[in-house]
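Here's the structure we're looking at; comments come further down.
The values are calculated or read from the model by the stated rules, or taken from the named source; none is laboratory data. What you see is a predicted model, and the numbers here were worked out from it, not measured in a lab. Positions of Cβ are generated from backbone atoms using ideal geometry, with glycine treated the same way; all protein chains shown enter the neighbour counts.
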């Protein structure tokens, strides 16, 4: 039986998807290839459902079509960067502040648990600028805390991607992880994939 894994999120998940390459070139590609070579005996269907610019409300709007209809066995969610970034680069927009972020996120997770038996993986939003004290990273803190709260509430596996990036910066990492402070270069994708494997790997050994 095929095992269906869905990755959903924003441009960091989308990362280079095309019609001929629906997996893309980012962390989902690294995880796709890692899982395929590590578990060759398993029949894995892996889907990249990232869409650039998405916030948590956009995930909710396409949840049925892009997640539930696939009857997933595992769903990995990476969202929150644009919910904060839009506060910085598009203050004229209607914003999604922490309370609403939690409310919408809770709704889609409850829906997932009600309608599927999928394992849930929640990835912390990564960084906004490679500066621990940037305004974006300060504003991200409550969103990261909400992801922790939701993971505990729903028995989800937490992937500490924000902590991994902040830890790298605290150690004085000299190699950039992003192309513009948000979107990953190959090293940033590798750090995301490594952190995911360390957190989630045990699910595949059970």
Consider the range 29-43. How many of its residues are modelled with pLDDT of 95 or more and either in contact with a helix residue (DSSP H, G or I) (Cβ under 6 Å, 6 or more places away or on another chain) or in a loop (DSSP other than H, G, I, E, B) (or both)? 2
Can you tell me which residue among 145, 94 is surrounded by fewer than 15 Cβ atoms within 10 Å (Cβ to Cβ) and within 15 Å of the chain's Cα centre (by Cα)? 145
Residues being in contact with a strand residue (DSSP E or B) (Cβ under 7 Å, 6 or more places away or on another chain) and within 14 Å of residue 156 (Cα to Cα) - total across the range 104-139: 9
Residue 204 fails exactly one of the following numbered conditions: (1) under 21 Å from residue 35 (Cβ atoms); (2) surrounded by 14 or more Cβ atoms within 10 Å (Cβ to Cβ); (3) without any contact (Cβ under 8 Å) to a residue 40 or more places away in the chain. What is the number of that condition? (3)
Evaluate the following for residue 185: is it surrounded by fewer than 20 Cβ atoms within 10 Å (Cβ to Cβ) and touching a strand residue (DSSP E or B) at 6+ places or on another chain (Cβ under 8 Å)? yes
Taking the residues in the range 162-175 that are surrounded by 10 or more Cβ atoms within 10 Å (Cβ to Cβ) and touching a helix residue (DSSP H, G or I) at 6+ places or on another chain (Cβ under 7 Å) as candidates, determine which candidate is farthest from residue 187 (Cα to Cα). 162
Taking the residues in the range 55-109 that are without any contact (Cβ under 8 Å) to a residue 40 or more places away in the chain and assigned to a loop (DSSP other than H, G, I, E, B) as candidates, determine which candidate is farthest from residue 125 (Cα to Cα). 92
Listed residues 161, 178; which is within 23 Å of residue 24 (Cα to Cα), touching a strand residue (DSSP E or B) at 6+ places or on another chain (Cβ under 7 Å) and in contact (Cβ under 8 Å) with a residue 60 or more places away in the chain? 161
Give the residues of the range 80-91 that are over 14 Å from the mean Cα position of the chain (by Cα) and buried (at least 20 other Cβ atoms within 10 Å of the Cβ), sorted by residue number. 84, 85
Hey, does the range 28-43 have a residue that's touching a strand residue (DSSP E or B) at 6+ places or on another chain (Cβ under 8 Å) and on the phi > 0 side of the Ramachandran plot? no
Residue match in the range 134-141 (condition: touching a helix residue (DSSP H, G or I) at 6+ places or on another chain (Cβ under 6 Å), over 12 Å from residue 83 (Cα atoms) and modelled with pLDDT of 95 or more): no
Could you pull out the residue among 150, 114 that is in contact (Cβ under 8 Å) with a residue 24 or more places away in the chain and more than 15 Å from residue 191 (Cα to Cα)? 150
In the range 107-128, residues that are over 14 Å from residue 56 (Cα atoms) and within 17 Å of the chain's Cα centre (by Cα) total 8
